[in-house]
Each structure stands twice: as C-alpha cells, then as structure tokens.
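The values are calculated or read from the model by the stated rules, or taken from the named source; none is laboratory data. Note that this is a predicted model, so its numbers are computed, not measured. Note that each Cβ is placed from the backbone with ideal geometry, even for glycine, and that neighbours are counted across all protein chains shown.
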Amino acid sequence: MLKKLTLLLLFFPVITINAQFKSIQYNYEKNWLGENQPLPAESQWMLNGMLPAGIDMVELVLYGSADFDKKSLFAANYRKPADYQEQSFSIPVNYVLRGNNQYTLRINYFRPASREEVNLLGIMIREAIDAYLNMSVVSGRNSVSLAKHPRLMRQELDQIVSKGLELYRNKIGVEFPGFSDLVYNKLERINDLSLRRARFNILSKEGEDDMALRVAFFQQNLEDLQQMCAHEVNQFLGFDLLVLADSRVLPDYPSEPTRNTLPINFGFGGIYNKGGFSDISYDSAPYAGISFPLGNPALAGKFRSNSSISAGLFLTNFDFGDGREITGPLIGRPIYVAYGYKTAYFLRFNAGMAILQEEKNNNSSSNIFVKPFVGLSLELNLWLGLSR
C-alpha cells in the first residue's frame, strides 16, 4: 500500500502538468483543427498532428491577424529525433490566447536540404555580401572609408545572411550568431586605412606605378574582408540544414468563447472621521459593490489580476457620535470608490475613499465631503451571458 502511495505521489506532478495542456489535433490533408473546433482560450495547449513522409521538422507560427508583415505572437517547433519511427508530432503552445478572438496559424514543414541546395544557398549569400561590400567600401586617392559606421555595417551584413536563410532551419536548432568581432575589427581597420603606405604593405616591383599599388592595396583589403565573411558563412552552412517543403495557413481562426463575469462584493467597512487613538471618531457599516479587475488571471501577473477598482454603496448611513446623520449624494446612501486586492479565493480587501453628504439645518444646501475607508468583503462572480 505504501509503495502504491509513493508512486502516486511521484506521478501526481506529471499528471498535473499534462492536464494543463489541452490537445488540438491538426489534419494536414484537410487543413483544419479537429472537427473545426476553436482554439483553446486562457490556457496552455498542445498542437498534435501526423508527420508527412520525409519531414524532419514542423514549425508553428502564431499571428494576431492574417497580416504576416506584423510580428508574430509566438513560434515553436517539433524536431524529429534521429531514428525515430513514430510519424506524429506534438508542439506545446505556451502562449495563452484571449477568448472570443481570432488568430492566424502558419504551420511550416521542413525536409533535409540537399548538398546542391546548400551550395547554391552559400553562393547566393556570398554574392549578396560581396555586392554590399563593393558598394559600401569607398576608396579615395589617399584613403579608404566606409559608407556607414562599422557597427551598422555588421548589423546589415547579419541581416543579409538572415534574409538568405528565411526558408532554412538548422537541424539542431542553432541560429546564425552574426558575424564575429574579427569581421568588425577588419571593418574598422579598413575605415582608417591609408593608401599612402601601399608600397610598404604589398610586394611591388621597382618603378611600379604608385596609383596601381594603391588600387592593388585597396583591393587586397577588400578581398580579405570578403573572404573572412565567406568563411564564417560557410562554417554555419556546414551544419545540417532543413529547407521549407510546405506551408499551411489557417487564417482568422476563432478562439473559444469565454464567460464574462462581474465580481459582486458584500462586506463590512469602517470610515475614519477625525481624532487620534484616544479620541478617534469613526463609524462602520455593511456595503455592497462591484469590482473591475485590472487583469485577467490567465493573461496577467498575479498582482495585476488580483487588483481591481471597486465601487459601491454603504447599506446604512453613518453617525459619528454627534447625532448628525451622514448620508451620501445622489442616492441618499454613502458611496465609495476604492482599490481592491483579492487576498484569498473569495476575500477582497478594499481601501479608498467614501463620498459623504451632510444636510444643513435649513435644508437649503448640503455639504459633500470625502473620508478614508477600509473594508473586507466576500466576492462572488456573476456570470454575464445568454443561454443558448
């Protein structure tokens, strides 16, 4: 019996974690989810599907709309392990979706790239880098300068490589790290290069034209930079690459409808009037109100989701001990506005101000004033919706 209990305790966390993910089955042939079921809202979920023959990686990219020019909300992938025979995939989605919304899903399938495809990719990237450097490195009569700052040029060189790799993924999940500091230092040296010392930096023959030497010296430094960039690109392309084989899109797909609730508060609070510890003047009364949460528990952090702006009224009027009845404006009862924080599952602490009113003896006018208040209330969620 003890052994069974121990096993149950060991597996309980695993069961709890798995239960947090709702499962959605993707049909590759029909390009739909399950039986057109909506996306899970306000919870983590798992995208499952069949792995087509020859596919080694499946990538899910989630967008807030069908506009792919906008930044994606979430991306994750499944990579097929070596010698794995199971023809299925599962992608955990740790991005929590809002209810009653629409999202666009792009599901990309990658197969191993052939050696010819990788070689052609390398040629295209190197040609693009060479063309960029030829336009960006400018030589004058006595010096060489860069069209842009070396730091910006390195960033743009990184972008050229990333653009060329858009349809490719690395099999082990490594992304191109960007060009090294060696390339950056070379760019800086070229930016400060003096062509006047060309005769002392390259092999030359006696009587050789000085301008020809300067051109050769400039060309040598430019080619050194191009070869350095090509070497770092070739190093990355030496890893096993996958190339995009198919891409499926589910535009404007709906998420689950979620319930709209209105928190109702019933509590007891006190209002401070004046005085110190020895002669304090205060009164207390039951109150009822509503809370407007500052965050959704499934989408926001703990502090924000437990916080609220609360408002309501006291169910009785106040008397601070001087025989005068203190009411409130508009409805004849004191009203309050407060910050609320849920301290337990159904308890909410409120602290704010009460808006009070005192009638004058001649009844010609009244005095409206504000006093601090604190209270503790029970909170019930009232579901707002129509039955179907």
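For residues in region 288-306 being among the small types (Gly, Ala, Ser) and within 19 Å of Gly269 (Cβ to Cβ), which is surrounded by the fewest Cβ atoms within 10 Å (Cβ to Cβ)?
If we take residues in region 288-306 being among the small types (Gly, Ala, Ser) and within 19 Å of Gly269 (Cβ to Cβ), then Ala288 is surrounded by the fewest Cβ atoms within 10 Å (Cβ to Cβ).
Here is a list of conditions, (1) modelled with pLDDT of 90 or more; (2) surrounded by 14 or more Cβ atoms within 10 Å (Cβ to Cβ); (3) under 42 Å from the mean Cα position of the chain (by Cα), and Leu378 meets all of them except one; can you say which number that is?
For Leu378, the failing item is (2).
Report yes if Tyr84 is at pLDDT 90 or above, among the aromatic types (Phe, Trp, Tyr) and farther than 30 Å from Thr261 by Cβ, otherwise no.
Taking the combined requirement at face value, the residue does not satisfy it.
Please verify whether Asn48 is at pLDDT 95 or above, surrounded by 14 or more Cβ atoms within 10 Å (Cβ to Cβ) and among the polar types (S, T, N, Q), treating the condition exactly as stated.
Criteria met by Asn48.
From Ala311, Ala298, grab the single residue that is among the small types (Gly, Ala, Ser), at negative phi and more than 25 Å from the chain's Cα centre (by Cα).
Sole residue among the options that is among the small types (Gly, Ala, Ser), at negative phi and more than 25 Å from the chain's Cα centre (by Cα): Ala311.
Tell me which helices (runs of 4 or more DSSP H) are completely within region 180-284 and hold 1 or more residues being touching a strand residue (DSSP E or B) at 6+ places or on another chain (Cβ under 6 Å), modelled with pLDDT of 70 or more and in the same structural domain as Ile123 (by TED's automatic domain parsing), or say none if there are none.
The qualifying helices (runs of 4 or more DSSP H) are 181-191, 210-237.
Go through (1) in a strand (DSSP E or B); (2) at positive phi one by one and return the number of the condition Trp383 breaks.
Answer for Trp383: the failing condition is (2).
Let's see how each residue does on (1) at pLDDT 90 or above; (2) exposed (fewer than 13 other Cβ atoms within 10 Å of the Cβ):
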{"position": "Leu97", "(1), (2)": "yes, no"}
{"position": "Asn101", "(1), (2)": "yes, no"}
{"position": "Arg106", "(1), (2)": "yes, no"}
{"position": "Val118", "(1), (2)": "yes, no"}
{"position": "Ala128", "(1), (2)": "yes, no"}
{"position": "Ala131", "(1), (2)": "yes, yes"}
{"position": "Gly140", "(1), (2)": "no, yes"}
{"position": "Lys148", "(1), (2)": "no, no"}
